[in-house]
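For reference, the structure is listed below as structure tokens.
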Amino acid sequence: MYSFNMREVKNIKTDHFDVAQSKVELSNLAYFLRRFLIFTSTWLSYFPNFGCKIVIGLTVGFTASALSVINNRIKGLITIGEPVFFGKEEDIDMYFNKIHKETNKENIKIFIFCFINEFIKYIGIIKNNIDPLYDYNTCLALKEVEHYLLQIRTILEDRRWDDTNNPYYFKFPSFKKDINNYYSIWNENLLRPELLDKPARPNCLILASKSDLYVPQSELLKTTEGVKKSLHFIYSEIEICAAEICARNIAEYGDSMPIEFTFDMAYQCIDEVRHAMMILEYMNYYGVKLGDFTYTNNVWLQYIKGDNLAEKLAIEQIISEGNGLDSCSLTLTSLRKIEKLEKLVKLYEFLIADETIHCRHGNKWLSYIVSGNDAEYENIIDKAIAKTGLKIPGRAPIYVEARRAANYKDSFIEKRLLPKL
Ligand SMILES: [Fe+2]
Ligand SMILES: [Fe+2]
């Protein structure tokens, strides 16, 4: 936790930022973090390697956390009106413009590392110009931002994404104090990488038209082979696809929604890659590796059938993840009865907790899009069902408490989820 000391306050420099300068600098930082977030969210689908997808998913989540802290501080400095995002460092914009068509994964990796590394240095420079007494809250915010970015840098260094012999190595321009310098306001026409409708997959994964997994989990989990299949399924079909979906939502719809939507999707994205990492631990434990079984890509293929954000939220967060709450609860009941599988109980308990929040995000943002109109909400659900063939509820009996916690309305639960007597 940042704290100023009395000596520092006594020797206060007169050239520290005033409110306007602080606001401009924070807005500038926010602008570039937001741009970085859109680029990384789009690039997640470019990488066939699941390990790389996980690294980018973590980067997306931590970057959004940093952006959220800055956004809150800007709100504290602007008493009227929406926070603004503008960038005054033309040179940094140029690096983004230059790399937006890049598809070479090694170049993308090094850009990500260089951006984070340089950004950390840049924040250090700005921190020296912040008044520790008057602008204590900005000091605190920047400390927190630094913390998130350092987390990313450590992950990137661990995975050796820090090769500096690359053409995309760049440095932030030296810090300029002229706040009236050029700046560009955030807009939808900023260059960005192309979205992929078909995320890259590793060669070892073999696509099958039909999954052989649709047997009751309680049966499947009775054999070690079944447990292996189940873990492979969750890793390759559920968690990685869900991370890709959240990232896609940020990249495609972030501009047309309140910034909080981007934050929610990024927090879900980091949850999904964490889930993938959790599952991976069990895959290693049980000796199963990616490609040992086939996959269908069904979660992604269903999502992409949505024609707009409302339908996509209905397909993934509201219908699929909602049904997932019910089936996870059923699996948990089975697991508790099977000796030797108690390790998986903890896993499923955490999965259910996180998935409840994901469904809540779906309900929150679909309700926002339909302005709280229940009939329109149902109409979107029906369209999603018609396009995908999904069913609501799914096969498992509904877990009412979780559905309520996920903000499905009581009227909806009664009308659409509970069995008719
Ligand atoms: Fe998940
Ligand atoms: Fe989820």
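The values are calculated or read from the model by the stated rules, or taken from the named source; none is laboratory data. These figures come from a predicted structure and were not determined experimentally. Heads up, the Cβs are rebuilt from the backbone with ideal geometry, glycines too, and the neighbour counts pull from every protein chain shown.
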Q) Is it fair to say I125 is modelled with pLDDT under 90, over 14 Å from F36 (Cβ atoms) and in the same structural domain as P48 (by TED's automatic domain parsing)? A) yes
Filter the stretch 311-349 for residues that are among the basic types (K, R) and modelled with pLDDT under 95; the one that is nearest to ligand 2 (Cβ to nearest atom) is K346
Exception for A405 within (1) touching a Ser or Thr at 6+ places or on another chain (Cβ under 6 Å); (2) aliphatic (A, V, I, L, M); (3) surrounded by 18 or more Cβ atoms within 10 Å (Cβ to Cβ) falls at (3)
Just one listed residue, out of I279, I250, is within 15 Å of ligand 1 (Cβ to nearest atom), buried (at least 22 other Cβ atoms within 10 Å of the Cβ) and at pLDDT 95 or above, and it is I279
(1) within 14 Å of ligand 2 (Cβ to nearest atom); (2) without any contact (Cβ under 8 Å) to a residue 40 or more places away in the chain; (3) touching an Asp or Glu at 6+ places or on another chain (Cβ under 8 Å); (4) not aromatic (F, W, Y) all hold for A353 apart from (3)
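So if I check each of D382, D354, which one is more than 16 Å from ligand 1 (Cβ to nearest atom) and assigned by TED's automatic domain parsing to the domain that holds N308? First the steps, then the outcome.
Working: D354 fails: more than 16 Å from ligand 1 (Cβ to nearest atom).
So the residue among D382, D354 that is more than 16 Å from ligand 1 (Cβ to nearest atom) and assigned by TED's automatic domain parsing to the domain that holds N308 is D382.
Here is a yes/no grid of residues against (1) of a type in the set (S, T, Y); (2) within 16 Å of ligand 1 (Cβ to nearest atom); (3) under 18 Å from N49 (Cβ atoms):
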residue: A200; (1), (2), (3): no, no, yes
residue: Q217; (1), (2), (3): no, yes, no
residue: E225; (1), (2), (3): no, no, no
residue: E237; (1), (2), (3): no, yes, yes
residue: C246; (1), (2), (3): no, yes, no
Among (1) modelled with pLDDT under 95; (2) within 23 Å of G254 (Cβ to Cβ), L149 falls short only on (1)
If we ask which residues in the stretch 22-61 are among the charged types (D, E, K, R) and over 21 Å from F85 (Cβ atoms), their number turns out to be 1
Verdict on A276 being touching a Leu at 6+ places or on another chain (Cβ under 8 Å), closer than 17 Å to H358 by Cα and not assigned by TED's automatic domain parsing to the domain that holds A30
no
By residue number, the members of the stretch 298-325 that are within 16 Å of ligand 1 (Cβ to nearest atom) and either assigned to a loop (DSSP other than H, G, I, E, B) or among the polar types (S, T, N, Q) (or both) are N298, Q302, Q317, S320, N323
The residue from G287, G254 that alone is under 25 Å from I155 (Cβ atoms), touching a residue at least 12 places away in the same chain (Cβ under 8 Å) and assigned by TED's automatic domain parsing to the domain that holds Y399 is G254
Over the stretch 229-271, the set of residues over 25 Å from R34 (Cβ atoms), charged (D, E, K, R) and within 11 Å of ligand 2 (Cβ to nearest atom) is E239
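Of the residues in the stretch 374-397, how many are part of a loop (DSSP other than H, G, I, E, B) and aliphatic (A, V, I, L, M)?
In the first step, residues of the stretch 374-397 are kept if they are part of a loop (DSSP other than H, G, I, E, B); the result is 389-397.
Among the residues that remain, those that are also aliphatic (A, V, I, L, M) are: 390, 392, 396.
Selection size over the stretch 374-397: 3.
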Original post:
If we scan the stretch 334-341, do we find a residue that is assigned to a helix (DSSP H, G or I), within 13 Å of ligand 1 (Cβ to nearest atom) and surrounded by fewer than 23 Cβ atoms within 10 Å (Cβ to Cβ)?
Top reply: no
Given (1) at pLDDT 95 or above; (2) surrounded by 13 or more Cβ atoms within 10 Å (Cβ to Cβ), P132 misses just (1)
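I'm trying to understand the selection: among the residues of the stretch 13-72, which are of a type outside the set (S, T, Y), in contact with a Gly (Cβ under 7 Å, 6 or more places away or on another chain) and at pLDDT 90 or above? Don't jump to the end; show me each part of the working.
Initial filter on the stretch 13-72 (of a type outside the set (S, T, Y)): 13, 15-21, 23-26, 28-30, 32-39, 43-44, 47-58, 60-62, 64, 66-67, 69-72.
Among the residues that remain, those that are also in contact with a Gly (Cβ under 7 Å, 6 or more places away or on another chain) are: 28, 32, 38, 44.
If the condition is that a residue be of a type outside the set (S, T, Y), in contact with a Gly (Cβ under 7 Å, 6 or more places away or on another chain) and at pLDDT 90 or above, then F32, I38, L44 are the ones that fit.
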Sole miss for S371 among (1) surrounded by fewer than 16 Cβ atoms within 10 Å (Cβ to Cβ); (2) assigned to a helix (DSSP H, G or I); (3) among the polar types (S, T, N, Q) is condition (2)
